[in-house]
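Undergrad: Before I ask anything, let me first share the structure, which is written out below as structure tokens.
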Amino acid sequence: MTQEQAGAQSPKRVLTGITTSGTPHLGNYVGAIRPAIQASQEDANDSFYFLADYHALIKCQDPTAVAQSTREIAATWLALGLDTSKAVFYRQSDIPQITELTWVLNCVCAKGLMNRAHAYKAAVDANIAEGEDADKAITMGLFSYPVLMAADILMFSATHVPVGKDQIQHVEMARDMAQRFNHIYANNQPILTLPDYVVDDNVAVLQGLDGRKMSKSYGNTIPLFLPEKQLKKHINKIKTNLLEPGEPKDPDSSAVFQIWQAFATEQQTADMRQAFADGIAWGEAKKQLFELVNAELAEARERYNDLMARPQDIEEQLQAGAEKARAIAAPMVARVRQAVGIAGLV
Ligand code: TRP
């Protein structure tokens, strides 16, 4: 069970971060952004969403790309209707207390725990498989990345952390660090709240153009706010088989059907399933898919383009969010410092 931080007002504090190292795509939208925005509209939830720009440096050392992605991701969330009066929406680097807490957590986190982190282990394994030095091109940022993520979570006493399956381990590591900190410094009192991960099995993990999971690292994505013509082109590129019009098609192995399902009502999904059985032509199925996706995104796309042209408006919202976040982070760090013995002398 999650322990409740004394003083946390809501029973459910939801927090998640988005690494600013890419352009949002349909998979991000369906799997993370759309459910997060819906959740933030429920009054029972106290939501924190942030741009994990320090995390971006782990994957991306191109300053222009990091800056551009930050702008795109912020504009995306705002264009899709994130209500910043309900959710706290901020940029990680605007909260210097997060990196302060990171250091303190570094000093309670066992190195052995980090040795077991999947992302790091995968990088080591890849090096070894290629006959390279095990640590080739592995930075301390990659190695200790779960510690920064733990600081993100523990700073705000998050109780629920929605993540993809690949991030479950990191939330468990944050629990571990919180427990360890509370044990050493707080007599097991919950200065740091133990978070739970939330993996929603109902949201779709979208397939990309080539049928594998839609992911920037596979280069198979459909960016979310492509201009209409480009969106159509991308949808036309989704890989299909060679079945002719009139031949029945299997919806369950088709990326076209799967993306359809993520945007359609139940009735529309049932109708398309029937159309596949009846041998709908791939060209026709893709045309209908384009129309469905475009209808859901068209208005937001306009707002997105507007916001991208007025970065000042985005920045203002981020600054307002950062102020709210710092109002929580500053007293938390003061408490943590006090607990570890760092304070003024008198
Ligand atoms: N590491 C996460 C990812 O790559 C992003 C992230 C950073 C995050 N800090 C977080 C997610 C805190 C949840 C909570 O997807």
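Undergrad: Looking only at the range 189-201, count how many residues are closer than 17 Å to I98 by Cα and either within 11 Å of the ligand (Cβ to nearest atom) or in contact with a His (Cβ under 8 Å, 6 or more places away or on another chain) (or both).
TA: Number of matching residues: 1.
Undergrad: Hey, among T76, T23, T99, T70, which residue is in a loop (DSSP other than H, G, I, E, B), modelled with pLDDT of 95 or more and either under 29 Å from A343 (Cα atoms) or within 16 Å of the ligand (Cβ to nearest atom) (or both)?
TA: T23
Undergrad: Here is a follow-up. Only residues that are under 14 Å from A174 (Cα atoms) and either of a type in the set (A, V, I, L, M, F, W, C) or exposed (fewer than 12 other Cβ atoms within 10 Å of the Cβ) (or both): list them for the range 113-149, please.
TA: L113, M114, A117, V147, L148, M149
Undergrad: Could you go through the range 154-167 and let me know if any residue there is closer than 25 Å to E299 by Cβ, of a type in the set (K, R) and either surrounded by fewer than 22 Cβ atoms within 10 Å (Cβ to Cβ) or within 16 Å of the ligand (Cβ to nearest atom) (or both).
TA: no
Undergrad: While we're looking at this one, here's another question. So which residues in the range 64-84 are of a type in the set (S, T, N, Q) and open to solvent by 40 Å² or more (accessible area, probe 1.4 Å)?
TA: T64, Q68, listed by residue number.
Undergrad: Just checking, does the range 123-140 include any residue being under 20 Å from I18 (Cβ atoms), without any contact (Cβ under 8 Å) to a residue 60 or more places away in the chain and assigned by TED's automatic domain parsing to the domain that holds A56?
TA: Within the range 123-140 (the criterion being under 20 Å from I18 (Cβ atoms), without any contact (Cβ under 8 Å) to a residue 60 or more places away in the chain and assigned by TED's automatic domain parsing to the domain that holds A56), the answer is no, since none of the residues qualifies.
Residue-by-condition table, conditions (1) out of contact with any Phe, Trp or Tyr (no Cβ under 6 Å at 6 or more places or on another chain); (2) more than 16 Å from L26 (Cα to Cα); (3) away from the ligand (no atom under 16 Å from the Cβ):
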residue	(1), (2), (3)
A174	yes, yes, no
A204	yes, no, yes
G219	yes, no, yes
K232	no, no, yes
E244	yes, yes, yes
F276	yes, yes, yes
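Undergrad: Here's something else I'd like to know. Only residues in the range 176-190 that are in the same structural domain as V333 (by TED's automatic domain parsing) and within 18 Å of G112 (Cα to Cα) count as the first member; pair them with residues that are part of a helix (DSSP H, G or I) and not β-branched (V, I, T), Cβ under 6 angstrom, at least 6 apart or cross-chain, and list the lot.
TA: Filtered contacts from the range 176-190: M177/L105; M177/A150; A178/L154.
Undergrad: Let me ask something else about it. With respect to D46, is the statement that it is in the same structural domain as I138 (by TED's automatic domain parsing), assigned to a loop (DSSP other than H, G, I, E, B), out of contact with any helix residue (DSSP H, G or I) (no Cβ under 6 Å at 6 or more places or on another chain) and touching a residue at least 24 places away in the same chain (Cβ under 8 Å) true?
TA: It is false that D46 is in the same structural domain as I138 (by TED's automatic domain parsing), assigned to a loop (DSSP other than H, G, I, E, B), out of contact with any helix residue (DSSP H, G or I) (no Cβ under 6 Å at 6 or more places or on another chain) and touching a residue at least 24 places away in the same chain (Cβ under 8 Å).
Undergrad: Looking at the range 29-39, can you tell me whether even one residue there is of a type in the set (S, T, N, Q) and either open to solvent by 40 Å² or more (accessible area, probe 1.4 Å) or more than 13 Å from the ligand (Cβ to nearest atom) (or both)?
TA: yes
Undergrad: Could I ask something else about it? When the residues of the range 301-314 are narrowed to those that are open to solvent by 80 Å² or more (accessible area, probe 1.4 Å) and among the charged types (D, E, K, R), which ends up farthest from K229 (Cα to Cα)?
TA: R310
Undergrad: Related question: If you scan the range 85-96, which residues turn out to be surrounded by fewer than 24 Cβ atoms within 10 Å (Cβ to Cβ) and part of a strand (DSSP E or B)?
TA: Scanning the range 85-96 gives V88, R91.
Yes/no per residue for (1) assigned by TED's automatic domain parsing to the domain that holds T102; (2) open to solvent by less than 30 Å² (accessible area, probe 1.4 Å); (3) at negative phi; (4) not charged (D, E, K, R):
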residue: P245; (1), (2), (3), (4): no, no, yes, yes
residue: S254; (1), (2), (3), (4): no, yes, yes, yes
residue: Q258; (1), (2), (3), (4): no, no, yes, yes
residue: A262; (1), (2), (3), (4): no, yes, yes, yes
residue: A285; (1), (2), (3), (4): no, yes, yes, yes
residue: E316; (1), (2), (3), (4): yes, no, yes, no
residue: G321; (1), (2), (3), (4): yes, yes, yes, yes
residue: A330; (1), (2), (3), (4): yes, no, yes, yes
residue: V336; (1), (2), (3), (4): yes, yes, yes, yes
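Undergrad: Test of understanding: among A119, A186, which residue is more than 14 Å from the ligand (Cβ to nearest atom), over 26 Å from G321 (Cβ atoms) and at pLDDT below 95?
TA: The unique qualifying residue is A186.
The values are calculated or read from the model by the stated rules, or taken from the named source; none is laboratory data. This is a predicted model, so every value here is computed, not measured. Heads up, the Cβs are rebuilt from the backbone with ideal geometry, glycines too, and the neighbour counts pull from every protein chain shown. Side chains are part of the model used for accessible areas, which takes the heavy atoms of the whole protein and leaves out ligands, DNA and RNA. Shrake-Rupley method; radii C 1.70, N 1.55, O 1.52, S 1.80 Å.
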